[in-house]
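Just below is one structure, and these are the notes that go with it.
The values are calculated or read from the model by the stated rules, or taken from the named source; none is laboratory data. Everything numeric here is computed off the predicted structure, so don't read it as measured data. Glycine also receives a Cβ, built like all others from the backbone with ideal geometry; neighbour counts cover every protein chain displayed.
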């Protein structure tokens with residue numbers, strides 16, 4: 001194992017601001033370290049007061065909160081504000097930044113506080129555009145869910161509230177708090193905890209991030225941690241998806257290092273970590289010291305095997321293949337996290353309904369109703385009912401047809417067809433009105449209008465205000481990492497070579 005070079009003298013002791021990279025570190029510091037120290041030493045109140053807090057508002061109609069789990073949004077900004085030219089060169093971050101979010105995670109702490117799930121949302125994910133108010137230096141966002149926006153840009157448009165709202169609306173997961181830790185805060189915290197191990201299968205030289213490592217296992221300092229975290233284009237296939245995979249293994253090593261180092265039982269070490277982290281941290285104003293202390297106590301004694309890292313599955317976004325959109329299986333993943341439940345068994349359990357995509361007014365949903373059952377008048381019945389609930393029903397109800405244009409009455413279950421991901425929010429909103437229906441993406445349809453094909457099982461719209469059933473399974477979130485190709489916190493340092501090879 002080789003030691004990493006010493007950091008530049010000018011960097012030591014500096015407090016800088018900028019790109020957040022340590023999602024799991026932010027949580028360790030904010031929850032386990034900051035809260036534990038503040039709970040034991042009241043005289044360090046000044047450290048707590050140095051954390052920046054912002055109000056989160058304008059969240060609209062929010063997802064349901066099903067249990068006492070805690071869901072914490074962890075993110076950072078790529079802003080270079082406050083960096084000197086010397087610092088920009090040494091950290092290989094350049095001088096430009098849009099104020100967009102970089103690392104983006106949802107930290108889920110189960111109700112029993114014995115299990116932790118970290119859900120990574122790729123920053124290149126395209127999502128619907130939700131209304132967000134403008135703030136200082138921010139343009140805000142219009143309410144236009146039919147137009148897609150890259151999720152990392154929502155922080156730039158409307159600040160933490162806009163990013164929070166977008167994540168809630170897209171996933172259906174109720175968020176309790178957010179934590180942001182600047183990238184230099186991570187550098188100093190990694191140094192405070194004594195560095196971390198990393199394994200690379202071959203020599204690396206990334207001029208963009210500054211990372212230079214030969215093959216093998218290394219014990220790296222905070223500056224190299226930052227370089228490793230940001231390395232992307234010259235490793236593997238250059239995608240952000242593989243970068244997330246590599247960084248999850250790195251965070252697993254950080255977790256093991258913190259849990260095994262005795263850090264949490266050493267007041268002097270804790271004070272050093274807290275002082276460095278708090279000055280570089282931003283949280284929502286609703287996250288109190290007592291909240292953090294409660295979380296810290298509930299997580300005391302957690303083992304690395306009880307922490308899992310998962311990347312939300314994605315598929316290429318057709319209009320711009322460099323970006324991605326959420327994959328169909330995310331529906332079950334998000335619901336499992338929201339309900340803190342295991343995934344349903346496909347062979348025995350009906351697939352749960354998708355979580356609602358919220359804040360889509362029925363008046364903005366253009367729907368054409370087609371009769372796929374052959375039952376006379378059923379399409380007109382559905383059209384009248386949808387119109388009474390505010391939907392924009394277009395055209396005259398007609399028959400569903402086959403590819404050759406002949407009537408198709410083969411539908412038993414109703415089907416909602418939509419053209420692209422931009423129309424998915426409207427399709428999800430319509431689906432809430434039916435007791436059972438299947439979503440089907442069909443690129444041949446005209447964008448902006450949803451087809452509802454009524455099946456023979458249809459009798460009436462679902463009662464207003466009804467909720468979809470909870471996913472079945474035991475009340476435990478265990479096993480999601482296995483189902484979605486993720487890892488647990490006790491993953492081997494040597495087991496991530498696939499993320500380097502492309």
If I ask for residues that are crowded, with 20+ Cβ neighbours inside 10 Å, at pLDDT 80 or above and touching a helix residue (DSSP H, G or I) at 6+ places or on another chain (Cβ under 9 Å), which ones from the stretch 474-483 would you list?
480
Per-region count, the stretch 179-207, residues part of a strand (DSSP E or B) and over 25 Å from residue 257 (Cβ atoms)
1
Just one of the numbered conditions (1) assigned to a strand (DSSP E or B); (2) touching a helix residue (DSSP H, G or I) at 6+ places or on another chain (Cβ under 6 Å); (3) without any contact (Cβ under 8 Å) to a residue 60 or more places away in the chain is not true of residue 166; which one?
(1)
Looking at 435, 420, 404 in this structure, which one is over 29 Å from residue 127 (Cα atoms) and either at pLDDT below 90 or not assigned by TED's automatic domain parsing to the domain that holds residue 240 (or both)?
404
Of the conditions (1) modelled with pLDDT of 90 or more; (2) within 26 Å of residue 423 (Cα to Cα), residue 123 clears all except one; give me its number.
(1)
If you go through the stretch 371-394 one residue at a time, do you hit one that is farther than 30 Å from residue 481 by Cβ, under 26 Å from the mean Cα position of the chain (by Cα) and either modelled with pLDDT of 90 or more or in a loop (DSSP other than H, G, I, E, B) (or both)?
no
For the stretch 101-114, which residues satisfy the criterion of being touching a strand residue (DSSP E or B) at 6+ places or on another chain (Cβ under 8 Å) and farther than 15 Å from residue 179 by Cα?
110
Entirely in the stretch 208-319, the helices (runs of 4 or more DSSP H) that have 3 or more residues that are in the same structural domain as residue 333 (by TED's automatic domain parsing), at pLDDT 75 or above and over 30 Å from residue 447 (Cβ atoms):
222-230, 240-261, 267-278
I'd like the full set of residues that are part of a loop (DSSP other than H, G, I, E, B) and surrounded by 14 or more Cβ atoms within 10 Å (Cβ to Cβ), limited to the stretch 410-435.
411, 413, 414, 419, 420, 432, 433, 434, 435
Take the conditions touching a strand residue (DSSP E or B) at 6+ places or on another chain (Cβ under 9 Å), more than 24 Å from residue 329 (Cβ to Cβ) and touching a residue at least 24 places away in the same chain (Cβ under 8 Å) and apply them to residue 423. Does it pass?
no
Exactly one of 150, 138, 169 is assigned by TED's automatic domain parsing to the domain that holds residue 273, within 30 Å of residue 334 (Cα to Cα), surrounded by fewer than 23 Cβ atoms within 10 Å (Cβ to Cβ) and within 16 Å of the chain's Cα centre (by Cα), and that residue is 150
Condition check for residue 494: surrounded by fewer than 21 Cβ atoms within 10 Å (Cβ to Cβ), touching a strand residue (DSSP E or B) at 6+ places or on another chain (Cβ under 7 Å) and modelled with pLDDT under 80:
yes
Please tell me if residue 451 is surrounded by 14 or more Cβ atoms within 10 Å (Cβ to Cβ) and modelled with pLDDT of 90 or more.
yes
